[in-house]
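Here is the structure we will look at.
The values are calculated or read from the model by the stated rules, or taken from the named source; none is laboratory data. Remember, it's a predicted structure, so these values are computed and weren't measured experimentally. Every residue, glycine among them, receives a Cβ derived from its backbone with ideal geometry; neighbour counts consider all protein chains shown.
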Amino acid sequence: MELFFENKYLVSEEGGGSYHTSMREGALCSPDRQPIKGSGVMRIVGLAVAILIIVISVSLRENIILFIGLALAAVYIYRMIYFMRKNRRASNISDASYQAGRMNLKWERMIRFGEEIIVDDPRYPSVHFYKNLVRISEDPIYYTLWFSDHFTLKIFKNGFTIGTCDAFEAYIEQIINRNLLTRAQTDKLK
């Protein structure tokens, strides 16, 4: 197998051990996506608005507005309970010791670009195919290869041991353009 590019870098659990994301393009992919700051406040504000609607509807004796207020209150209470249960840890280890232990976990990830993309990673080994590559994005430190809207592979820009950063970008863009052309031709035939 001919090797076109090789990328090697040190990974920590905090710095992106997993490739799955439910974030938009350009956002950091990490195994433990943090909730949006202020989302708990928004739930409380929503519940307060629902209670205010209920109080106003009772004073005006409007049943339809009362029903809307009760429905909103039920939705916000459900969301608060659901997210509190979802974010609760199953273990009895304190958050501080859990996070401190995770930050010390580091390992080397090697990504080889040959006939296919092979990720040599002791925790997340995988093989990917160029035909599934949809797009590429970048930030100052990483390229992000997008295989779908929810599956990415981060490539450290300064980690190339075979090939260069600029040659890699041109190579991947050529593959993405070829994939787009193939998909367009396939769609025409349908």
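Of all residues in the stretch 168-190, those being outside any helix (DSSP H, G or I) and touching a residue at least 12 places away in the same chain (Cβ under 8 Å) number 0.
Results for (1) surrounded by fewer than 16 Cβ atoms within 10 Å (Cβ to Cβ); (2) within 18 Å of F5 (Cα to Cα), shown as yes or no for each residue.
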{"residue": "I111", "(1), (2)": "no, yes"}
{"residue": "E115", "(1), (2)": "yes, yes"}
{"residue": "V119", "(1), (2)": "no, yes"}
{"residue": "H128", "(1), (2)": "no, yes"}
{"residue": "I136", "(1), (2)": "no, yes"}
{"residue": "Y143", "(1), (2)": "no, yes"}
{"residue": "D149", "(1), (2)": "yes, no"}
{"residue": "L153", "(1), (2)": "no, yes"}
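Residues of the stretch 132-148 that are free of Cβ contacts under 8 Å to residues at least 60 places away in the same chain and outside any strand (DSSP E or B): N132, L133, V134, P140, I141. In this structure, A50 does not qualify as surrounded by fewer than 15 Cβ atoms within 10 Å (Cβ to Cβ) and either of a type in the set (G, A, S) or touching a residue at least 12 places away in the same chain (Cβ under 8 Å) (or both). Within the stretch 65-77, residues that are closer than 12 Å to V49 by Cα and touching a residue at least 12 places away in the same chain (Cβ under 8 Å) have Cβ atoms under 6 Å from residues that are of a type in the set (S, T, Y) and surrounded by 18 or more Cβ atoms within 10 Å (Cβ to Cβ) in these pairs: G69/S57, counting only partners at least 6 apart in sequence or on another chain.
Does the stretch 54-72 contain at least one residue that is of a type in the set (K, R) and at pLDDT below 70? No: the stretch 54-72 contains no residue that is of a type in the set (K, R) and at pLDDT below 70.
Could you list, in sequence order, the residues of the stretch 63-84 that are of a type in the set (G, A, S) and surrounded by 14 or more Cβ atoms within 10 Å (Cβ to Cβ)? G69, A73 - these are the residues of the stretch 63-84 that are of a type in the set (G, A, S) and surrounded by 14 or more Cβ atoms within 10 Å (Cβ to Cβ).
Of everything listed in (1) under 17 Å from Y9 (Cβ atoms); (2) of a type in the set (A, V, I, L, M, F, W, C); (3) at pLDDT 85 or above, the single unmet condition for L105 is (3).
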